[in-house]
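Contents: one structure, followed by commentary.
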Amino acid sequence: MARLRVGVLGLSHDHVWANLAALAAGEPGVLVAVAEPNAPRRERLGREHGGVAALPTYEALLERTDLDAILCFGDNRGSAEWAARALERGLPVMIEKPMAADLPGAEAALQAARRAGRLLMVNWPTVWRPALRHGLALAAAGAVGEPVQLAHRGGHAGPREFGCSSQFCDWLYDARRNGSGALVDYCGYGGILARTLLGRPQAVTAVAGHLRKVGLASEDNAVVILRYPRALAVLEGSWTQIGGEPAFAMVVYGDAGTLIVHQPRPLREGDRPGPGRVQRVTGDGSETLEAPTLPLDEKDGVTYFLSRVRDGRPIEGLCSPEVGRDVQEILAAALHSSATGSTVTLPPAAA
């Protein structure tokens with residue numbers, strides 16, 4: 001079967017480089033063209049991926065008729081808008097997390113995908129880590145009984161301190177292009193876990209603060225609490241965390257035990273995380289549970305996305321656009337809660 005011809009909208013999101021490497025190493029697709037207004041980023045593309053058409057505008061890429069799929073790696077606001085335009089042209093799209101800068105952007109992209117009948121995927125890099133996937137599956141299967149609390153913390157010392165490029169930092173520190181600060185950057189990772197294990201929450205309460213970062217207009221720390229009929233979820237995000245500990249990707253406190261996913265944290269942008277492990281603690285003691293290797297077509301986001309496009313199969317689970325939309329709703333409610341000092345009750349799910 002011929003490899004899918006892939007176009008990329010944007011190079012300002014630093015996650016793009018690992019994804020381009022995965023695309024080059026995989027079987028499903030081949031990189032054909034990239035659109036990026038920033039000349040130094042196009043020059044890096046030429047050094048690392050020679051022979052690829054490098055275009056200065058997004059419009060020029062979408063005018064091409066030789067593409068089978070699109071990857072979006074611009075800022076959160078622009079990526080959602082251009083994803084919708086690509087979908088309207090009949091192209092399936094993978095967008096890097098989160099789905100958008102705000103809930104209207106996420107909903108517009110989702111509706112564009114539904115109207116076009118094309119695949120839309122939200123790529124969360126942590127989804128491709130075997131220990132987290134195994135821990136989530138065990139928790140869903142009742143390995144520690146019914147969940148009472150889920151906890152997730154994501155963070156680093158800040159985008160600049162973490163080694164993000166200047167182009168990436170430019171929009172991460174721009175509340176309009178990013179959607180906010182540390183809350184939008186990191187609380188979504190826990191949001192997809194809570195949404196998958198516990199469902200859509202009834203209410204959201206959050207506290208976010210600009211505690212340390214000089215010159216930052218948005219929050220550098222946030223704590224978000226999701227309330228369910230019989231459970232809570234706590235999502236933390238930080239741009240002031242020093243070092244990689246505690247290295248927990250997820251903790252689920254159940255009524256029959258506790259499940260902990262240990263996952264070493266990258267200490268610099270672009271670093272590969274080490275192997276994780278799953279620990280189950282009950283009244284009888286503690287055990288380590290080995291995580292199976294993920295299927296070959298789920299080894300990374302690009303491979304999963306293109307395999308689904310090639311095989312005509314839906315995007316399922318953590319990276320589905322429906323989960324992405326609901327997580328964007330959680331983030332929006334958290335920002336409103338923090339700004340107003342109130343708990344936000346979510347409206348009933350649309351039929």
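The values are calculated or read from the model by the stated rules, or taken from the named source; none is laboratory data. Here the structure is a predicted model, which is why all the values come from computation and not from measurement. Here Cβ is always computed from backbone atoms with ideal geometry, including for glycine, and neighbour counts include all displayed protein chains. Just so you know, the surface numbers come from the protein's heavy atoms only, side chains and all, with ligands and any DNA or RNA stripped out. Shrake-Rupley method; radii C 1.70, N 1.55, O 1.52, S 1.80 Å.
Each principal axis of the Cα cloud of region 23-155 was taken in turn, and the coordinate range along them, longest first, works out to 53, 34, 29 Å.
In terms of overall dimensions, the chain has a Cα radius of gyration and Dmax of 19.6, 62 angstrom. Using a 10 angstrom cutoff on alpha carbons, build the Gaussian network for the chain and name the most mobile of LEU211, LEU198, LEU119. Among LEU211, LEU198, LEU119, the largest mean-square fluctuation in the Gaussian network model of the chain belongs to LEU211.
Surface composition of the chain: carbon plus sulfur atoms hold 52% of the accessible area, using a 1.4 angstrom probe and ignoring ligands, DNA and RNA. Under the simplified labelling scheme, the THR57-ALA256 pair shows an inter-label distance of 6.1 nm, with each label point 7 Å from Cα along Cα→Cβ. Between amide H atoms placed 1.01 Å from N, distances below 5 Å from MET121 occur with VAL93, MET94, ILE95, all of them 5 or more places distant or on a separate chain. Under 10 Å, Cα contacts only: if you run a Gaussian network model on the chain, which one of GLY215, GLY142, GLY78 comes out with the highest mean-square fluctuation? Among GLY215, GLY142, GLY78, the largest GNM mean-square fluctuation belongs to GLY215. Computed over the alpha-carbon atoms, region 139-288 gives an Rg to Rh ratio of 1.01, Rh here being the Kirkwood radius from the mean inverse distance.
Candidates GLY191, LEU87, GLY179 compared by Cα position along the dipole of the chain: farthest toward the positive end lies LEU87, with charges placed on Cβ. Charged neighbours of LEU216, selected by a Cβ distance under 15 Å, balance to -1 (K, R count +1; D, E count -1).
The C-alpha atoms of region 301-341 occupy a region whose extents along the principal axes are 47, 15, 11 Å, arranged from largest to smallest.
Using the Karplus relation 6.51 cos²θ - 1.76 cosθ + 1.60 with θ = phi - 60°, the per-residue 3J(HN,Hα) values for region 68-74 come to 10, 7, 10, 10, 10, 9, x Hz, with x marking Gly and Pro. Averaged over its residues, region 129-268 has an accessible area of 39 Å² per residue, based on protein heavy atoms and a 1.4 Å probe.
Between the amide H of ALA249 and those of VAL261, HIS262, GLN263, distances stay under 5 Å, these residues lying 5 or more places away or on another chain, with hydrogens modeled in the peptide plane. Once the Kirkwood radius over Cα pairs is known for region 60-135, the Stokes-Einstein relation at 20 °C and 1.002 mPa s delivers a diffusion coefficient of 167 µm²/s. The calculated FRET efficiency for the pair ARG212 and ALA39, based on their C-beta separation and a Förster distance of 30 Å, comes to about 0.30.
Per-residue 3J(HN,Hα) values for region 302-310, derived from phi via the Karplus relation 6.51 cos²θ - 1.76 cosθ + 1.60 with θ = phi - 60°, read 4, 4, 4, 4, 5, 5, 5, 4, 4 Hz in sequence order (x marks Gly and Pro). A full extension of the chain between GLN149 and GLU290 corresponds to an added length of 48.5 nm, given 0.36 nm per residue minus the alpha carbon distance.
Rounded to the nearest 5, what is the percent of antiparallel bridges among the DSSP beta bridges in the chain? Once the DSSP bridges in the chain are tallied, antiparallel ones form about 55 percent. Among ASP185, ASP255, ASP75, the largest mean-square fluctuation in a Gaussian network model of the chain (Cα springs under 10 Å) belongs to ASP255. Extension gain, GLU27-ALA140: 0.36 nm per intervening residue step, less the Cα-Cα distance, totals 37.5 nm.
Along region 253-259 the Karplus relation, 6.51 cos²θ - 1.76 cosθ + 1.60 evaluated at θ = phi - 60°, assigns HN-Hα couplings of 9, x, 7, 10, x, 10, 10 Hz to successive residues, with x for each Gly and Pro. For the chain, the longest principal axis of the Cα atoms and the long axis of helix 182-198 meet at an angle of about 70 degrees. Helical content alone sets the calculated 222 nm signal of the chain at -10500 deg cm²/dmol, taking -39,500 (n - 2.57) per DSSP H segment of four or more residues and averaging over every residue. Near VAL30: Cβ cut-off under 9 Å, other residues only, Lys/Arg at +1 and Asp/Glu at -1. The net charge is +2.
Under a 5 Å amide H cut-off, with hydrogens placed 1.01 Å from N, GLY158 pairs with GLN241 among residues at least 5 apart or on other chains.
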